[in-house]
Each structure stands twice: as C-alpha cells, then as structure tokens.
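The values are calculated or read from the model by the stated rules, or taken from the named source; none is laboratory data. Predicted model, so just to flag it, every value in this text is computed and none were measured. For neighbour counting, all protein chains shown are included, and Cβ atoms are generated from backbone atoms with ideal geometry for every residue, glycine included. With ligands, DNA and RNA removed, areas are computed over all heavy atoms of the protein, side chains included. Shrake-Rupley method; radii C 1.70, N 1.55, O 1.52, S 1.80 Å.
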Amino acid sequence: MGSPIRADLRSDFFTALKKMGLEHAPLILDGSPMGVSDEVVHQLYDLSNMVIAVDSGLELANRACVAPDVVVGDMDSVDRSLLDEYVKANVPTIQVSPVKDQTDLELALSYAKSRMFGRVFVTNFRGGRIDHELASVGIMGKCGLCVVAVDDACAMLYMDAVSEYGFTPNTARLARLGMKPGDEYSVIAFDGPARLTQTGVDYPQKHGDVD
C-alpha cells in the first residue's frame, strides 16, 4: 500500500493545484477495493465541479457523503441495493456489459472528455489486482487529459504534451507542487519521449530527454 503522504505535503499539493488553476474539474471515484480516506475525497471534492462514481466507487461516494452526478461502469462489484437507491433518486446511470474492451475507469475518462473537460481528478485507483493497478496508471497517462490522481499514499500529476496550459509537443514543465527539500518524486514519459527541464533538485536537467 505504501506509506501515507504526510499531511503537510498533501495540503501543499492541493494548495499548489489551486495556484496552477487546476480546479473546477470532474472528480472520478474509481472502484478499487483498497479504498481511500474520506479526507482525500473531500479535499478533491472541494476542487471539483462534478462527481463521476465508477462502479463500486459509488459506495465510496455514499460513505463520504458526496453526491455523484453520474454512475458509470459494468456494475459488477457495486452493492446492487445501493445502486438501486441512487437509480430511484434519478441519478443518471451508464451501465455497460461486463464483456467490453475498456475498463470502467476508461469509460469514466471518456465520459469526461465527451463533456468537453480537459482535466480530471481521480482517486481510489490503486490496489486489488496488480494488472488492474498497472492498467489504471497507464490509462491515465495516455487518455489525453490532464489527470490529477491522489490517494492516501501517492499523488500523481499527468500533463498531456499538447494541452490547455500552452505546452508544445514533446516539451513539458515541471509544476511547482509545494514540495520541500527531501521530498521525492518521479517523472515518467507516457506514449513516447518527452523533454524535461527541472531545477532545484539533485539531478537538474535543461531540455533533457525522458523516454
């Protein structure tokens, strides 16, 4: 599961997101069996303008008292009685066959793109089967959206190379995320090489290639 993120670092991370203008985006509550704390859900909810519950992510929304705007997925793991309650309350539900080529998270990301959003928040995406977790990390990296993925043990920021932030193909800027000396982070290039400039770190780079 990993060690929990220090409370001060997570607070700085959310403050930095506001300064970067990464607010007013849909919050996707994925359906990992690992779960995530209500604190993280509420911090992300405060930055969001819409909630997309993914399958059993509806149970997380219900526990955290966060009202979903839509429920998406094949509904193979959500509590059926709870789902029925939300259906009766006229919460839109997009149910698909469990025999499909996309994961439920992919469906939620596609839904956000169809609503013309350029960025999303995602939580409760880790845990369970390792193949599912690896797939989720890769899907968020290649979905073409700016994705802020946060749970109790990690925080990830995916920036598309061509985005609303004025980046050009194969270049990117490392965002100021409120990190302090001694904090660790990783930079990973998805879907081809990227160019990285980073300063104030142990291994500074200027227009370095990241494969």
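The length gained on full extension between Glu39 and Lys88, counted as 0.36 nm times the residue separation minus their Cα-Cα distance, comes to 14.8 nm. Each other residue within a Cβ distance under 12 Å of Tyr86 adds +1 if Lys or Arg and -1 if Asp or Glu, for a net charge of -3. Between the C-alpha center of the stretch 47-117 and that of the stretch 121-137 there is a gap of 16 Å.
A simple spin-label model places pseudo-atoms 7 Å from Cα toward Cβ; at Asn49 and Val201 they are separated by 3.1 nm. Once all protein chains are placed together, Ser81 keeps about 70 Å² accessible to a 1.4 angstrom probe. Between Lys113 and Glu133, full extension at 0.36 nm per residue minus the direct alpha carbon distance yields a gain of 5.0 nm.
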